[in-house]
1. Quick one: if you stick a label point 7 Å off each Cα along the C-beta vector at E290 and S43, how many nm between them?
2. Treating cross-link reach as a plain straight distance, find the lysines whose alpha-carbon is under 23 Å from the alpha-carbon of K28, omitting any fewer than eight places away in the same chain.
3. What's the extension gain from H14 to K50 if we count 0.36 nm per residue and subtract their Cα-Cα distance?
4. Ranked by Cβ crowding within 10 angstrom, fewest neighbours first, how are V291, V52 ordered?
5. Around V235, which amide H atoms from residues at least 5 apart in sequence, or from another chain, sit under 5 Å from its own amide H, with H modelled in the peptide plane?
6. At a threshold of 8 angstrom on Cα-Cα distance, excluding pairs fewer than six apart, so keeping six or more, what relative contact order does region 151-300 reach in percent?
7. Evaluate the relative contact order of the chain (contact order divided by residue number), counting alpha-carbon pairs under 8 angstrom at least 6 apart; express in whole percent.
8. Filter the GluC sites (Glu not before Pro) in region 133-233 down to the DSSP loop ones having no more than 10 other Cβ atoms within 10 Å, then list what survives.
Amino acid sequence: MMRSEPRAVQLNEHGQLKHFLTLDGLDKTLLTEILDRAESFLSMGEQSVKKVPLLRGKTVVNLFFENSTRTRTTFELAAKRLSADVINLNIETSATSKGESLLDTLKNLEAMQSDMFIVRHSDSGSAHFIAEHCTPNIAIINAGDGRHAHPTQAMLDMLTIRRHKGGFEGLKVAIVGDILHSRVARSQLQALTTLGVSEVRLVGPKTLVPSFFAEMGATICHDLEAGLKDVDVIVMLRLQKERMKGALLPSESEFYRLYGLTVETLAWAKPDAIVMHPGPINRGVEISSEVADGKQSVILDQVTNGIAVRMAVMSMAMSGQLQSADSSAAGEEK
Ligand code: NCD
């Protein structure tokens, strides 16, 4: 099947978001708009009444074909803070259920007059597939598809960096660990490059950091000391064993010895470097407890920022859908 360009699928005729599938093709202005809008929702989270009516009367369906705690919960909270009605569907994936059964599920949800689907699926490209097959007025938000993209995670990471570092210019960022299987790393690399950091280093063993990432603008490092030297931001990633086929690592203890972030290895970065992790963290595999709970760690800020970023993206996509519908109605009247 021919796929449309992501840009054509996720933006309406005015260049506004109507789906949020990937950061590929989104420019700096749009990414900055998401961050600015999220910032305004963050201050709202500190007030005693945390709701705004931007999605009142809308139905949001959390459609998770793959497990998740943090992402699903923060999407649910975000939708509720926007006053939407939220339904959670946790669908166990069977090996081949993408084609017909996925479309059947969607048709049923469409018949329930849903307005937005938040989709997580183990197949790369599934959010895009759904956006192309649903009725056009349902906004699709990608909550992680295979190893392809996790755009809201990358944007909450950008908000966390901007809040701690004041901006992106001149920053050196190291992303460490299992890059090969990581949708988070792919989306982060796109966001960081678009927002104009000075360097993104991908750090890990050759089996988990393939050289083709250099074509996407990253510096490849197989040595942790060289990778962490003078960086402002460190992003640690989990070994995503559920996506590994065959032996890519000698052992977890060997990985920790070579690539683990400990008090000693953290000292290679700038003294004020921040430590990030999308979670779930595996203590003693990629990060020590001392560092994960230490004063340079901003891992829990990432979770808080996730609610605000998801509110921003959901409200922007909903308004992009409405503008799109208005324009086609006006076109028909002419
Ligand atoms: C990540 C994911 O699911 O891609 N986690 C998350 O969304 N918080 C990273 C991971 O699973 O390791």
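1. Reported label-point gap for E290 and S43 is 4.0 nm.
2. The qualifying lysines are K18, K165, K172.
3. Extra length from H14 to K50 when fully extended: 9.9 nm.
4. Details: V291 25, V52 15.
Starting with the residue having the fewest Cβ neighbours, the order is V52, V291.
5. The list, which skips near neighbours in sequence, is A174, I175, V176, M276.
6. So the answer I get is 23 percent.
7. Dividing the mean separation by the residue count of the chain yields 20 percent.
8. Working: sites: E169, E199, E215, E225; in loops: E169.
Answer by residue number: E169.
A short reminder: the numbers here are calculations on the coordinates, not readings from a lab. Since we're looking at a predicted model, the values are computed, not measured. Here Cβ is always computed from backbone atoms with ideal geometry, including for glycine, and neighbour counts include all displayed protein chains.
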